[in-house]
1. Plugging the Kirkwood radius over Cα pairs into Stokes-Einstein for the range 2-94, at a temperature of 37 °C and a viscosity of 0.692 mPa s, what D comes out in µm²/s?
2. Can you give the extra length, in nm with one decimal, that the chain gains between residue 33 and residue 119 once fully stretched, where that is 0.36 nm per residue apart less the Cα-Cα distance?
3. Per-residue ellipticity at 222 nm for the chain, helices alone: DSSP H runs ≥ 4 residues times -39500 (n - 2.57), over residue total, nearest 500 deg cm²/dmol?
4. Run the numbers on the range 1-72 and let me know its relative contact order in percent, using alpha-carbon pairs under 8 Å that are six or more apart.
5. What is the extension gain from residue 64 to residue 3, computed as 0.36 nm multiplied by their sequence separation minus the C-alpha to C-alpha distance, in nm to one decimal?
6. How long are the semi-axes of the equivalent ellipsoid of the range 25-71, defined as square roots of 5 times the Cα gyration tensor eigenvalues? Whole Å, largest first.
7. Most fluctuating residue of 80, 22, 58 in a GNM of the chain with Cα springs under 10 Å: which is it?
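Each reported figure results from applying straightforward, stated rules to the coordinates on display, with no laboratory input. Values in this document were obtained by computation on a predicted structure and should not be read as measured data.
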């Protein structure tokens, strides 16, 4: 139960930060055509999870509880794209190149497909 609480509190913090950073970056870009705010949080999240996971793996600076709070909670709430990026890099690092490419293809193609199917379904239900 303790780790669940840490993930939840971290998720609240991460989601709040995502909302603030996305809005700020979008406002700075002055663009209504491209989602710069989402791009910003995805890139920031990927940078942070890469940096912090390297410290965790090579320096042991995180306990299991702090990893749950930071990686799953804060960064997971900030952007799940960071977890996707880290897991893909771990596969590449471990020499699992085919699995890494499959992970990229599956997440992008199936994710976009799921959005398309669900939008079409919602349209059919509530038209």
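1. Details: Rh = 13.7 Å.
Result for D is 240 µm²/s.
2. Numbers: separation 86, 0.36 × 86 = 30.96 nm, distance 2.07 nm.
28.9 nm is the gain from fully extending residue 33 to residue 119.
3. Values: 7 runs with 98 residues, N = 127.
Taking each H run of at least 4 residues, the total per residue is -25000 deg cm²/dmol.
4. Values: 36 pairs, mean separation 34.1, N = 72.
It comes to 47 percent, rounded to a whole number.
5. On the way: separation 61, 0.36 × 61 = 21.96 nm, distance 0.87 nm.
Gain in length upon complete extension: 21.1 nm.
6. Numbers: eigenvalues 195, 19, 8 Å².
The three semi-axes for the range 25-71 are 31, 10, 6 Å.
7. Its mean-square fluctuation being the largest, the pick is 58.
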